Amino acid sequence: MARLIRTEKEVEGNYTEQWIVVEEDPLERWPAGALETVGKPVPREDGAERARGQATYTADLQLPGMLHAAVLRSPHARARVKRLDLSKVADTPGVRAVLGPDDLDVFTREPGYPGAPVAAAAADSYGQAARALDLAEVEWEVLDPLLDPDEAVREGSLHDEPERYERGDAEAGFAEADVVVEAEYRTQTVLHNSLETHQSVCEWNGDTLTVYISTQFIWGVRSEIAEKLGIPEDKVRVVCHYMGGGFGAKNHPGQYTFIGAEFAKRTGRPVRCALTRREENLASGNRHATIQRLKAGARADGTLTALQGEFVMAVGWEGFQSWTAGPMKMLYGCPNVSTVEYGAKINTSPNAAFRAPGFVEGTFGLECLLDEVAAKLEIDPLELRRRNHADVDLVDDRPFSSKNLIECYERAEPHWARRQEVRARSEGPWQRGVGMASQIWFGGGGPPSYAWVRVGSDGRATVITAMQDIGTGTRTAMAQIAAQELGLPIDRVQVALGDSARGPYAAISAGSSTVPSMGPAVRAAAHDAARQIIEIAAQRFHLEERVLSLQDGKVVSADDGSWEVEEVTGLLEDAQILGKGARGPNPTGMRVLTFGVQVAEIAVDVETGEIRVERVAAIHDVGRVINPLGASSQVEGGIIQGLGHTLSEERLLDPESGAVLTQTLDAYRMPTIADVPEIVTELVDIPDEHLTSLGAKGLGEPPIIPIAAAVANAIRDATGADVRSLPITREEMLRALAEAKEKARGAPAAV
Amino acid sequence: MSELTVNGQRYEIEAPVERSLADTLRTDLGLTGTKVACGEGHCGACTILLDGIPTLSCITLVHLVGDRDVTTIEGLRDHPLVDAFVRCDALQCGFCTPGQIVSASALVEADPNPSREEIRHAMSGNICRCGAYPKIEEAILTWQG
């Protein structure tokens, strides 16, 4: 029976009360550890299709008569369009339609960032559209851009009111400290660079718009488009079977989709609007730069007495302001915390969520600061973190639904114990060291989310839900969960996803939430189907339902009776069993979070500033692990992406004009296979006993969070140098080494 | 009108002079297994073989291919590397994977037992933003099963 309940919903730290309908009865919890299918390594269901190039991504879609849109973008960070004449564009052979600021509000006459869309053309080929736009006549009035986030704060150019948080009395906390450490940390702007660029294909069939799009959120795209176009949501169909990476930047429809939809309407043809790689690096979002002015106070025994932080975030012209103060508020049991966050509005591209937004940046600052405290007090950094463990969540004064951070620290010990041996391997200019950092993040997911499970007379099952698999392997995890509940071998379960017209509402693939949101709905639907199979079997074989169960593709009875599932479902001929399931509420009054620790071993050439990361051990607590194979891939991928942020990636701007200098992948340096250290993954794998019928949390984001600080702290261990700015280029490394040398001489540091 | 041999099959193609091999493969021949991720020869996603040599098809003009044999991922679908990549979970979003497999096929053709160092050298032109690298290395090390 459907039960209407009022519950709390948390999205990345913000709680709201909402009504939800819970359709299923609570399910019995599975025992911890590896089961028949769940908890076992399973290669991804769609691996062969993707590897063979048979998976159709949005980029691969070719519809008959499809046009291609190109976008004219502002070359200036801040300017006014004094005159715009698109007539020559419209007259170019192959061009079918043009759009400008008078036609659609995504175009602007007053661009506030380089890459802001001004006009667009749709033509038979992309080349025709792009070349036609060269004939646009634009007269610009170029204005001075505001680029410095600190200057923006001084001038009051902010996105919102400054966000302040106070707990206890920070000033009193510093007064009782034996040691106070202050430092300024900086993190750079980094670019998502999913290999499939942002794109969609829009097609109108009568009054229904079909949008094929590379997206992390089929249902969010559907409602945003319906709202903007003023049409009912069921007149928008959103399709995404395969997508080539998102990392947070593909949570919304994007300007390109509204451009494509308008062109499709005007021309009566399907229209592709795809960003080029250069556009991707100009105008598709980024992780904003931060400046963090931090202060920590501690007693001689390492107990933190106060933490204070001023965070300036270079949000850009618009977009998402990330939670940079989050780790300082949440990671440690410090009674006195004071933070203020400023979101600077400047003439750079809009920000977008990027894998653990804010926590990657904030953890770099906080966890480096903690090691500076540890160094001053001569306390073992791992021990310092143990002593400041938060037993309850102090932000909301709530218990954790589960927390195994101490267990993570225990498991980190053998890796941490390698540091004597690692340091001893220093040789010549190559100095070696070991560093660590802790991780905290959300990842509990939540309602609503729905799934159906269809079982045919052949005893095969299909999970149906309009979710998306953004490359994290969630398709496979859902198949495992359904197979486990149905007692079927994994090869008899498939998953149909990716189409809002062919399945129920499914959660966003962001915030490490797909498995914790969707998994319980899939299990509930499979349970509903399994119950029906058992009811039918009970009647067929004249047994009581309670003595029957499903195992290994069979219906088995307590007295050793055994029938193939298809013997039961086969009775149905063409009829089908359809199970329905929904995600229930999160535990009320509790904080659902993920935890972890990483230990990095590095080598620094103190003459050239070259840094090599040699080994990373990652220990994370994300509740029950559904697929250890896919999970280790998530951990490795997060660490490698994080190493790019730590060492090589940076969006560079011309300091005068604000032009983006790193639009191509030779200039914007992402890690290659040759840059990868040895990575050891350990997952604590203890189900969260308060969270859903699975006890599983999300893992997409946790692994990228602590790596930068772990590397920086390893550098301090190896060289005594305090690196405080990302990426840790050779220049920053040599600066930090020179500063450390000066400090050792007792002289003030040269700047 | 010129001729192009792709995966052993001959095609007649009509293309403007500036057309890339990648565009011809994907748009004219419908061979969309070859992906284009940067379009400027920096990422390796569009890698195909020209007479067995890994080549970036996005910066190769189709009219310069001549009578060389083009091999795309569609011609390597039964290569044991495909199974190795799936078994080792050497892919996440999969957009770079066809290019990775094409590059790897040339490596194992030249040396069936490459060392880790050789793999890292030969594969460093194929960017994987998801970071499947450790498992790509594993897949190539164990490609023979």
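The values are calculated or read from the model by the stated rules, or taken from the named source; none is laboratory data. Because the structure is a prediction, the values reported are computed rather than measured. Note that we place each Cβ from the backbone using ideal geometry, even for glycine, and neighbour counts take in every protein chain shown.
Let's see how each residue does on (1) without any contact (Cβ under 8 Å) to a residue 24 or more places away in the chain; (2) facing chain A (nearest Cβ under 9 Å); (3) at negative phi; (4) assigned to a helix (DSSP H, G or I):
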site: B:Lys35; (1), (2), (3), (4): no, yes, yes, no
site: B:Gly41; (1), (2), (3), (4): yes, yes, no, no
site: B:Ala45; (1), (2), (3), (4): no, yes, yes, no
site: B:Leu49; (1), (2), (3), (4): no, no, yes, no
site: B:Gly75; (1), (2), (3), (4): no, no, yes, yes
site: B:Phe85; (1), (2), (3), (4): no, yes, yes, yes
site: B:Cys93; (1), (2), (3), (4): no, yes, yes, no
site: B:Ile101; (1), (2), (3), (4): no, yes, yes, yes
site: B:Val108; (1), (2), (3), (4): no, no, yes, yes
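Yes/no per residue for (1) in a loop (DSSP other than H, G, I, E, B); (2) without any contact (Cβ under 8 Å) to a residue 24 or more places away in the chain:
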residue	(1), (2)
A:Ile20	no, no
A:Pro31	yes, yes
A:Val42	yes, no
A:Gly53	yes, yes
A:Ala97	no, no
Checklist entry - What number of residues within the stretch B:1-19 are surrounded by 11 or more Cβ atoms within 10 Å (Cβ to Cβ), in contact with a strand residue (DSSP E or B) (Cβ under 7 Å, 6 or more places away or on another chain) and more than 20 Å from A:Gly127 (Cα to Cα)? => result 7
Checklist entry - Which pairs have Cβ atoms under 9 Å, sit 6 or more apart or on different chains, and link a residue in the stretch A:538-552 that is without any contact (Cβ under 8 Å) to a residue 12 or more places away in the chain to one that is among the β-branched types (Val, Ile, Thr) and in a loop (DSSP other than H, G, I, E, B)? => result none
Item to check | Single unsatisfied condition, A:Trp452 versus (1) hydrophobic (A, V, I, L, M, F, W, C); (2) part of a helix (DSSP H, G or I); (3) touching a residue at least 60 places away in the same chain (Cβ under 8 Å) | outcome: (2)
Checklist entry - Among the residues of the stretch B:131-145, which ones are within 8 Å of another protein chain (Cβ to nearest Cβ), in contact (Cβ under 8 Å) with a residue 12 or more places away in the chain and either in a helix (DSSP H, G or I) or out of contact with any Asp or Glu (no Cβ under 9 Å at 6 or more places or on another chain) (or both)? => result B:Lys135, B:Ile136, B:Glu137
Checklist outcome for this item: In the set A:Gln420, A:Gln431, A:Gln439, the lone residue that is surrounded by 19 or more Cβ atoms within 10 Å (Cβ to Cβ) and over 28 Å from A:Thr588 (Cα atoms) is A:Gln431
Checklist entry - Any chance the stretch A:574-597 includes a residue that's out of contact with any Gly (no Cβ under 7 Å at 6 or more places or on another chain), within 14 Å of chain B (Cβ to nearest Cβ), small (Gly, Ala, Ser) and in a loop (DSSP other than H, G, I, E, B)? => result no
Checklist entry - Hey, among the residues in the stretch B:110-126 that are acidic (Asp, Glu) and in a helix (DSSP H, G or I), which one's farthest from the other protein chains (Cβ to nearest Cβ)? => result B:Glu118
Checklist entry - When you look at A:Asp301, is it at pLDDT 95 or above, of a type in the set (D, E, K, R) and either within 26 Å of A:Asp654 (Cα to Cα) or crowded, with 24+ Cβ neighbours inside 10 Å (or both), yes or no? => result no
Checklist outcome for this item: For the stretch A:624-673 the number of residues that are free of Cβ contacts under 8 Å to residues at least 40 places away in the same chain and buried (at least 21 other Cβ atoms within 10 Å of the Cβ) is 3
Next on the checklist: Show me the strands (runs of 3 or more DSSP E) found entirely inside the stretch A:238-337 where at least 1 residues are out of contact with any Phe, Trp or Tyr (no Cβ under 9 Å at 6 or more places or on another chain).
Outcome noted: A:290-298, A:304-316
Item to check | Index of the failed condition, A:Ser693 passing every other in (1) within 14 Å of chain B (Cβ to nearest Cβ); (2) out of contact with any strand residue (DSSP E or B) (no Cβ under 6 Å at 6 or more places or on another chain) | outcome: (1)
Next on the checklist: Of the residues A:Gly297, A:Gly245, A:Gly302, only one is out of contact with any strand residue (DSSP E or B) (no Cβ under 7 Å at 6 or more places or on another chain), under 30 Å from A:Val181 (Cα atoms) and not hydrophobic (A, V, I, L, M, F, W, C); which?
Outcome noted: A:Gly302
Checklist entry - Which residue, of A:Gly746, A:Gly698, A:Gly720, is at positive phi and either of a type in the set (D, E, K, R) or touching a residue at least 12 places away in the same chain (Cβ under 8 Å) (or both)? => result A:Gly720
Next on the checklist: Can you go through A:Arg460, A:Arg475 and tell me which one is at pLDDT 95 or above, among the charged types (D, E, K, R) and either under 26 Å from A:Ile20 (Cα atoms) or in the same structural domain as A:Val635 (by TED's automatic domain parsing) (or both)?
Outcome noted: A:Arg475
Checklist entry - Any chance the stretch B:17-30 includes a residue that's more than 14 Å from every other protein chain (Cβ to nearest Cβ) and over 27 Å from A:Leu665 (Cα atoms)? => result no
